[in-house]
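Trainee: Could you have a look at this structure, given as structure tokens, before my questions?
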Amino acid sequence: MPEAALTLARIQFAANISFHILFPAITVALAWLLLLFKLRHRAALRRGIPGADAWAELYRFWVRVFALVFALGVVSGVTMSFQFGTNWPGFMLKVGNIAGPLLAYEVLTAFFLEATFLAIMLFGQRRVSNRVHTLATALVAVGTTLSAFWILALNSWMHTPAGYELRGDVAHVTDWLAVIFNPSFPYRLAHMLVASGLTAAFLLAGLSAYRMARGSAARDAQLGLRVGCYLAALLAPTQILLGDLHGLNTLAYEPAKIAAMEGIWASQAGAPAVLFALPDAELRANRYEIAIPRLASLYLTHDWHGEVRGLNDFAEHPPVAPVFWSFRIMVGVGLLMLAASWTAAWQLRGGRIPGRGVLRALATMTFSGWIAVIAGWYTTEVGRQPWLVSGLLRTAEAVAPNVGAGAIGVSLSLYLLLYATLITVFVAVLFYLARQADAPAVPDSPPRARWRKAR
Amino acid sequence: MIPLDLTGADFWLPLVFAGLMAFAILAYVILDGLDLGVGILLPFAGSEAERDTMIGSIGPFWDANETWLVLGVGILLVAFPAAHGLILTSLYLPVALMLAGLILRGVAFDFRVKVEPRRKRLWDHAFFAGSLLAALSQGVMLGYWVTGFAATGFAFGIGVAVAGGYALLGAGWLVMKCEDELQQRAVGWARRALWFTAAGIAAVSAVTPLVSPRIFARWFSLDTLFALLPIPLMTVVLVVLLAVFLARLAEDTGNRNRFGLQRWAWAPFAGAATLFALAFLGLAHSMFPYLVPDRLTLWQAASATASLRFMLWGILAVMPAVLGYTAWSYRVFWGKAEPLSYH
């Protein structure tokens, strides 16, 4: 396998999965938020509380966003399902007995459920009873979460494989429960679900703040801001706690990844927390390091003098700089989210409206969840290298031997062009929709179309 | 090539999964074929309102339709990993082009009604281009696959034929789901698309026995010839029936006789779907038991029996529910289509 083809195949996989994850990261949580909006609307109507319409407005606006995000998630997900075969056939040959059923269960229990009930949720409001429509909304939310469950079970298994044995050169399952609930799975699932919550919360707060900063006094914009900010204020500290637990789990099972994340080259007791450095792989040391002494030992071992293993202790370890930096970006964005959401939540107290500065800051942070999610995934995925499945299958062993650099170059250029265009249009369309929500109604807007029963 | 013990799970589990995969692929080809077909026909619509109605007719379905592709390739991936790798690496570029096409059309669906109105036309073009690209690529993939990844020119011909076949399904769907002028227009589209479809089926039927002596022997040996004859015979009869029927529909409409279009609106789609099913059956018979022509059988490519069993239980438990709520969804959206709105 020539080096160039391997590198291109890896870039292509990274491009495809980075593009894909942007959309499920929103829909998993946004689906539950839509259910919340719908239930609150119904409850407010039942009790005759004024302002019930704001919940309905909120639902109407965000269901349009949801449809768009969901479509992008579906089509980029189809690419993922082909990717294993076109570029990484070695993966399925070796661990197909584990990966296969987990992927199959995702398609069977989640994809069809989401796709079918999404249609009812989007276009069926007049064709089914309100109760069935609420049920459809709930099932879409269940579907998105189930999908996350299965795919994270597989991803976690690739980091911390369990419940299998090797017969010849092929992994066979000995215990399905151990495969699914492998050691890193609960932490990764919780971390990712909360990440989705934060991504959706900042999207919700961000677009609402954008509308308000432009002078909108719409009830649903204020309501959206409130829900988004409170949710973010709740989830940001939760995520920091979960991240810490996930880190301790990684220390136990993938110590080389932790050493790369922390930028610690030599094993030491009382390891420092490195705030800034340029890790140098040739020098095998950090340059321009700014560090707080002993702090890393404290949060990794809960002891000021705890021993932390450094990169030099491992015969093989991941490339340090990308892991080190993406980890810092993720943590940095996380802290920013904490500060922004708590400031906004404080300013919102007692029904107040936040100042322009906070509104602008939130609008700027509309897509901050994306940055944190991507940085977090790069930390964990690059951190697993050179393995595709920890200790079992190397990335270089799984790549297709019969697909040349030329072919991958063509497909990669095609994908990159498409992805860059679609992300640009997507972000532009979201802000356009937000502006449209407050635009005066156009007199000659198309008549309300509907589905008619033939019978 | 076939396991010796014909009662063991090693024998029947791969066979069951091959059957399930065939079902998923056929479901995909007919269901997504119809909405890819509508995309291919989009430029021939007479007005923006007609385009809205055409897209409205597939709006609630396309997403679930595409899921059958994920299931089909998913079963290939999980039940026959060796074949999955060999087939998809051999079809590398057509697969990449198909995916690009599917991405483009999937998002064009949503973008066209959410961007600024002056950009709507642009996304209509993207919807058409993506649908056509996906259909052509799928045809090319089929052409490569049946010839054992050899014949390039032939594969491109099949690409055009599959696009034509999808246009036939799409036109049939529109005859069923639309009214008035658009419905009449769709009858015309169906008549033209039928010839592409017939030519494609004829080409595959002629070429596959020629490139593979095994397939030749399978179809033209005396002891099975008569058992198999119904497949090509029914196909020919169906093409002729459809041609005559569509011509009558067009003629009646010219004479302002609306009875046919009201009473028999479902027939062109049903005919087209049956045509696809027959062609699929013939192809399956030619290829069985190979997943990669003359190189890899379904038993050679299968995953471990334990994994197949674990999946089968899941499929048996979940599939009836999937089929149930899919049918229910088609029922909810029964009737004539109109432009989409979230109400």
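Trainee: Out of the helices (runs of 4 or more DSSP H) lying entirely within segment B:1-100, which hold 1 or more residues that are without any contact (Cβ under 8 Å) to a residue 60 or more places away in the chain and either within 30 Å of B:MET311 (Cβ to Cβ) or of a type in the set (Ser, Thr, Tyr) (or both)? So that I can check it myself, show each step before the final result.
Mentor: Numbers: elements: B:9-41, B:48-58, B:62-79, B:81-90.
So the answer is B:9-41, B:62-79, B:81-90.
Trainee: What number goes with the only condition from (1) hydroxyl-bearing (Ser, Thr, Tyr); (2) surrounded by 14 or more Cβ atoms within 10 Å (Cβ to Cβ); (3) more than 28 Å from B:ASP32 (Cβ to Cβ) that B:THR235 does not pass?
Mentor: (3) is the only condition that B:THR235 fails.
Trainee: Would you point out the residue of segment B:57-74, among those that are facing another protein chain (nearest Cβ under 7 Å) and more than 16 Å from the chain's Cα centre (by Cα), that is nearest to A:VAL410 (Cα to Cα)?
Mentor: Taking the candidates together, the pick is B:GLY74.
Residue-wise test of (1) free of Cβ contacts under 8 Å to residues at least 24 places away in the same chain; (2) over 19 Å from B:LEU174 (Cβ atoms); (3) out of contact with any Gly (no Cβ under 8 Å at 6 or more places or on another chain).
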residue	(1), (2), (3)
B:ARG256	yes, yes, yes
B:TRP266	no, no, yes
B:ALA302	no, yes, yes
B:TRP313	yes, yes, yes
B:GLY324	yes, yes, yes
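Trainee: Now for a separate question. Among the residues of segment B:272-296, what is the count of those that are assigned to a helix (DSSP H, G or I) and either of a type outside the set (S, T, N, Q) or under 17 Å from B:GLY143 (Cα atoms) (or both)?
Mentor: At the first step, the residues of segment B:272-296 found to be assigned to a helix (DSSP H, G or I) are B:272-287.
Right, trim to either of a type outside the set (S, T, N, Q) or under 17 Å from B:GLY143 (Cα atoms) (or both) and you get B:272-273, B:275-287.
The qualifying residues number 15.
Trainee: Just need a number here: residues in segment B:88-99 that are within 7 Å of chain A (Cβ to nearest Cβ) and either more than 18 Å from the chain's Cα centre (by Cα) or modelled with pLDDT under 85 (or both). So that I can check it myself, show each step before the final result.
Mentor: Within segment B:88-99, the first condition is being within 7 Å of chain A (Cβ to nearest Cβ), and the residues that meet it are B:88-89, B:92-93, B:95-96, B:99.
Checking the rest, the ones that are also either more than 18 Å from the chain's Cα centre (by Cα) or modelled with pLDDT under 85 (or both) come to B:88-89, B:92-93, B:96.
Residues that pass the stated criteria total 5.
Trainee: With the structure loaded, tell me whether B:LEU242 is closer than 19 Å to B:VAL162 by Cβ, touching a Leu at 6+ places or on another chain (Cβ under 7 Å) and surrounded by 14 or more Cβ atoms within 10 Å (Cβ to Cβ) or whether it fails that test.
Mentor: yes
Residues are listed down the side, and each one gets a yes or a no for (1) assigned to a helix (DSSP H, G or I); (2) crowded, with 24+ Cβ neighbours inside 10 Å; (3) among the hydroxyl-bearing types (Ser, Thr, Tyr); (4) in contact (Cβ under 8 Å) with a residue 60 or more places away in the chain:
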position	(1), (2), (3), (4)
B:GLY139	yes, yes, no, yes
B:PHE156	yes, no, no, no
B:ALA190	yes, yes, no, yes
B:ALA193	yes, yes, no, yes
B:ALA198	yes, no, no, no
B:ALA202	yes, no, no, no
B:ARG218	yes, no, no, yes
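Trainee: Still on this structure: Working only within segment A:78-87, note down all residues that are more than 7 Å from chain B (Cβ to nearest Cβ) and crowded, with 23+ Cβ neighbours inside 10 Å.
Mentor: Of all residues in segment A:78-87, those more than 7 Å from chain B (Cβ to nearest Cβ) come to A:80, A:83, A:87.
Within segment A:78-87, A:ASN87 is the sole residue that qualifies.
Trainee: Also: Quick test for you: out of A:ALA439, A:ALA345, pick the one residue that is surrounded by 13 or more Cβ atoms within 10 Å (Cβ to Cβ) and among the hydrophobic types (A, V, I, L, M, F, W, C).
Mentor: Numbers: A:ALA439 fails: surrounded by 13 or more Cβ atoms within 10 Å (Cβ to Cβ).
Result of the check over A:ALA439, A:ALA345: A:ALA345.
Results for (1) under 30 Å from B:GLU181 (Cα atoms); (2) part of a loop (DSSP other than H, G, I, E, B), shown as yes or no for each residue.
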| site | (1), (2) |
| --- | --- |
| B:ARG256 | yes, yes |
| B:ALA265 | yes, yes |
| B:PRO268 | yes, no |
| B:GLY314 | no, no |
| B:ALA321 | no, no |
| B:GLY324 | no, no |
| B:TYR330 | yes, no |
| B:ALA337 | yes, yes |
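Trainee: Give the residues of segment A:42-70 that are free of Cβ contacts under 8 Å to residues at least 60 places away in the same chain, buried (at least 19 other Cβ atoms within 10 Å of the Cβ) and over 16 Å from the mean Cα position of the chain (by Cα), sorted by residue number.
Mentor: Residues satisfying the conditions are A:TYR59, A:VAL63, A:ALA67.
Trainee: Same structure again: Checking the conditions here, which among A:ALA400, A:ALA407, A:ALA439, A:ALA396 is small (Gly, Ala, Ser), farther than 30 Å from B:MET98 by Cβ and either part of a strand (DSSP E or B) or at pLDDT below 90 (or both)? Talk me through it step by step, then tell me what you get.
Mentor: Working: A:ALA400 fails: farther than 30 Å from B:MET98 by Cβ; A:ALA407 fails: farther than 30 Å from B:MET98 by Cβ; A:ALA396 fails: farther than 30 Å from B:MET98 by Cβ.
None of the other options fit; the residue is A:ALA439.
Trainee: Let me ask another. Determine whether segment A:174-185 contains at least one residue that is within 18 Å of the chain's Cα centre (by Cα), over 26 Å from A:THR366 (Cα atoms) and part of a helix (DSSP H, G or I). Walk me through it before giving the result.
Mentor: Residues of segment A:174-185 within 18 Å of the chain's Cα centre (by Cα): A:184-185.
From what's left, over 26 Å from A:THR366 (Cα atoms): A:184-185.
Add one more test, that the residue is part of a helix (DSSP H, G or I), and what stays is A:185.
Scanning segment A:174-185, I find at least one residue that is within 18 Å of the chain's Cα centre (by Cα), over 26 Å from A:THR366 (Cα atoms) and part of a helix (DSSP H, G or I), so the answer is yes.
Trainee: Another one. Any residue that is touching a Ser or Thr at 6+ places or on another chain (Cβ under 8 Å) and either part of a loop (DSSP other than H, G, I, E, B) or not small (Gly, Ala, Ser) (or both) - is there at least one of those in segment A:285-300? Write out each step before concluding.
Mentor: First, pick out the residues of segment A:285-300 that are touching a Ser or Thr at 6+ places or on another chain (Cβ under 8 Å): none.
No; the residues of segment A:285-300 include none that is touching a Ser or Thr at 6+ places or on another chain (Cβ under 8 Å) and either part of a loop (DSSP other than H, G, I, E, B) or not small (Gly, Ala, Ser) (or both).
Trainee: Let me ask something additional. Give the number of residues within segment A:409-422 that are among the β-branched types (Val, Ile, Thr) and more than 8 Å from chain B (Cβ to nearest Cβ). Before you say what the answer is, go through the steps one by one.
Mentor: Our first condition is that a residue be among the β-branched types (Val, Ile, Thr); within segment A:409-422, this holds for A:410, A:421.
The next check asks that each one be more than 8 Å from chain B (Cβ to nearest Cβ); those that pass are A:421.
Result for segment A:409-422: 1.
Trainee: Follow-up question, since we're still on this one. Answer yes or no: is there a residue in segment B:297-310 that is outside any loop (DSSP other than H, G, I, E, B), facing another protein chain (nearest Cβ under 9 Å) and at pLDDT 85 or above.
Mentor: Our first condition is that a residue be outside any loop (DSSP other than H, G, I, E, B); within segment B:297-310, this holds for B:297-301, B:305-310.
Okay, now just the ones that are also facing another protein chain (nearest Cβ under 9 Å), so B:306-308, B:310.
Of the ones still in play, those that are also at pLDDT 85 or above are B:308.
Yes - at least one qualifying residue is present in segment B:297-310.
Trainee: Which number in (1) free of Cβ contacts under 8 Å to residues at least 40 places away in the same chain; (2) buried (at least 24 other Cβ atoms within 10 Å of the Cβ); (3) not acidic (Asp, Glu) marks the one condition that A:ILE98 misses?
Mentor: (1)
Trainee: Does A:THR380 satisfy the criteria of being surrounded by 19 or more Cβ atoms within 10 Å (Cβ to Cβ), more than 9 Å from chain B (Cβ to nearest Cβ) and outside any loop (DSSP other than H, G, I, E, B)? Don't jump to the end; show me each part of the working.
Mentor: Working: surrounded by 19 or more Cβ atoms within 10 Å (Cβ to Cβ): yes; more than 9 Å from chain B (Cβ to nearest Cβ): yes; outside any loop (DSSP other than H, G, I, E, B): yes.
Spelling it out, A:THR380 is indeed surrounded by 19 or more Cβ atoms within 10 Å (Cβ to Cβ), more than 9 Å from chain B (Cβ to nearest Cβ) and outside any loop (DSSP other than H, G, I, E, B).
Trainee: Please find, among A:LEU93, A:LEU72, A:LEU58, A:LEU45, the residue that is more than 23 Å from A:SER147 (Cα to Cα), within 9 Å of chain B (Cβ to nearest Cβ), part of a helix (DSSP H, G or I) and among the aliphatic types (A, V, I, L, M).
Mentor: Details: A:LEU72 fails: more than 23 Å from A:SER147 (Cα to Cα); A:LEU58 fails: within 9 Å of chain B (Cβ to nearest Cβ); A:LEU45 fails: within 9 Å of chain B (Cβ to nearest Cβ).
Only one candidate passes the filter, namely A:LEU93.
Trainee: Mind telling me which of the residues A:GLY391, A:GLY369, A:GLY334 ends up being touching a residue at least 12 places away in the same chain (Cβ under 8 Å) and either among the β-branched types (Val, Ile, Thr) or not in a helix (DSSP H, G or I) (or both)?
Mentor: On the way: A:GLY369 fails: either among the β-branched types (Val, Ile, Thr) or not in a helix (DSSP H, G or I) (or both); A:GLY334 fails: either among the β-branched types (Val, Ile, Thr) or not in a helix (DSSP H, G or I) (or both).
Only one candidate passes the filter, namely A:GLY391.
Trainee: Which numbered condition trips up A:PRO50, out of (1) under 23 Å from A:GLY206 (Cβ atoms); (2) not in a helix (DSSP H, G or I)?
Mentor: Evaluating A:PRO50 over (1) under 23 Å from A:GLY206 (Cβ atoms); (2) not in a helix (DSSP H, G or I) leaves (1) as the failure.
Trainee: In the set A:ALA339, A:ALA361, which member is farther than 19 Å from A:ALA217 by Cα and surrounded by fewer than 20 Cβ atoms within 10 Å (Cβ to Cβ)?
Mentor: Within the list A:ALA339, A:ALA361, the selection yields A:ALA339.
The values are calculated or read from the model by the stated rules, or taken from the named source; none is laboratory data. Computed from a prediction, not measured in an experiment: that's the story for all the values here. Neighbour counts are summed over all protein chains in view; Cβ atoms, including those assigned to glycine, are modelled from backbone coordinates with ideal geometry.
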